[in-house]
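Since every read-out is calculated from the coordinates, none of them should be taken as a lab result. Everything numeric in this text was worked out from a predicted model, so none of it was measured. No Cβ is skipped: glycine too gets one built from the backbone with ideal geometry, and neighbour counts run over all protein chains shown.
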Amino acid sequence: MPAGTLTLTNNSVTVKGSGTAFNTKLKPGDMMVSVVGGVTYTLPLKTVDSATQVTLIKAYDGPTQAGAAWHAVPRDAMNAITAQLAAETAKALRGLNLDKENWQQVFSGNGNIAVKLPDGSTYTGPAWNSFTAALNQKADKTSLGTAAGATLQTHVADKVAGRVLTVGGFGLGVGVRAQPLSWEEHNSNFSWFYSPEHAGGYAGAGHEAKVSIPTNDGVNDFIATLYANRQTSRIGMSMKQVIEGGNQVNREVWRGEFRTTLNTTVDGNGFIKQASPIARISDDPENMAANYLEGFELAGLAAVNQEAAGVSAKKIETGVYLISGALGLAREGWDFEVPQDSNGNRLCFVEVLVNNNGEIKLKVSKRKFDINTASIIAGEPMDIPGGRWIDLRLEMPSK
């Protein structure tokens, strides 16, 4: 660092020095560099006036500062920096031009192309068009033929190898059939699917699937039929074993019905029960758990499923609720369920009264032990416990 310090004055071209030797260290065209307030100022010199004063080409625009350290940057050094920067810029531009030329070859060239690398070397490889041409040669677009020229099945039970499946082949692709499969089709020793118009006691559509299993005793065919009834929301399945011989299919039939959210419900204690028209009666529906209304709609103080549409409930007084729109409780199976704690203890005592018009009066009370009968009886009236509900299984009017 040169000896001495500078005094820089804002908006002045004159720089004063203290302990400096400007006349031996600098000449016109050189630069002085000084850091003031954390900012580096580069000051080009117009004249060197004395050992302690220089005149700048442009007025200093920083804050006035005395005792500032400084560096001298000769004009030759500045020229070298400029030349190096220009060389590096030119090199970068040449690289960009090479990249552009290379990409143009990759996108539009044919066959092998020569890619130029930044160090001047080249790399030879295929252009993208050559990849497309090679793939087109590998995949013969005409080898699969067309449906019009293919050998189709002669009938839906035709199982000659190599033939193209026709509409209805093996029961696939057909809609509703007015008649079940014929004995010949049933006994054809291959697997098939079809949709009979009516099936097995369910007044709805069925879908059959047959699986043929070769064994030492011949071929055992097993038929699974899925039934669905939109009106009753019933879904079931039967299994039939087809035994060869005779003029008909000998069947060993058993049928099961699937349990779904349409034919079951989860009661207030978390148990799954058979569903028919269901009403859930609570005292404060707005503060029930999020799953309270899953599959149910709110009607007053009642949450009802689809089959109980039209049923509603209201509160008459403490512990007394009136349910209307039904014909009383279900005549078969379970009728109502009382909320319990984790140990199975009922949280309240419930009495159900049905009026002549089918309205249901639900009376909820505290549980009271009767010494004379050694049983639990109704105590003081109470509301249905918060966050819990009472399940009612209903008898609904005919629609």
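The label point for Thr14 and the one for Ile377, both projected 7 Å from the Cα toward the Cβ, are 12.0 nm apart.
What does the highest-first list of 324-337, 385-398 look like by mean Cβ count within 10 Å? Before the final figure, lay out the partial values.
Values: 324-337: 16.5, 385-398: 18.2.
Ranked from most to least packed, the peptides come out as 385-398, 324-337.
Please say if region 325-399 is rounded, prolate or oblate, where rounded means a/c under 1.5 for a ≥ b ≥ c the square roots of the C-alpha gyration tensor eigenvalues, and otherwise the choice is prolate for a/b larger than b/c and oblate otherwise? Since a/c reaches 1.5 and a/b is larger than b/c, the shape of region 325-399 is classed as prolate.
Test of understanding: ordering Phe271, Phe22 by Cβ neighbours within 10 Å, fewest first, what list do you get?
Values: Phe271 11, Phe22 24.
In order of increasing Cβ crowding within 10 Å: Phe271, Phe22.
Which net charge results when you count Lys and Arg as +1 and Asp and Glu as -1 among the other residues whose beta-carbon is under 13 Å from that of Val13? Within the 13 Å Cβ shell, the charges total +1.
Mind ranking 36-44, 310-318 by how tightly packed they are, going by the mean number of other C-beta atoms within 10 angstrom, highest first? Mind showing how you got there, number by number?
Working: 36-44: 12.8, 310-318: 15.7.
Peptide ranking by packing, descending: 310-318, 36-44.
Simple point charges give the picture: +1 on the Cβ of Lys and Arg, -1 on the Cβ of Asp and Glu, and for region 264-393 a dipole about the Cα centre of about 260 debye. Applying 0.36 nm per residue to the separation of Thr260 and Leu117 and subtracting their alpha-carbon distance, the gain on full extension is 44.7 nm. In whole percents, the pair-distance distribution calculated for region 5-73 from its alpha-carbon pairs, binned every 5 Å from zero, is 4, 19, 35, 29, 12, 1.
The label-point distance for Ser108 and Ala150, in a model that sets each label 7 Å from Cα toward Cβ, rounds to 4.3 nm. The label point for Lys363 and the one for Leu98, both projected 7 Å from the Cα toward the Cβ, are 10.0 nm apart. At full extension, Arg346 and Glu332 could sit 2.7 nm farther apart than now, given 0.36 nm per residue minus the alpha carbon distance.
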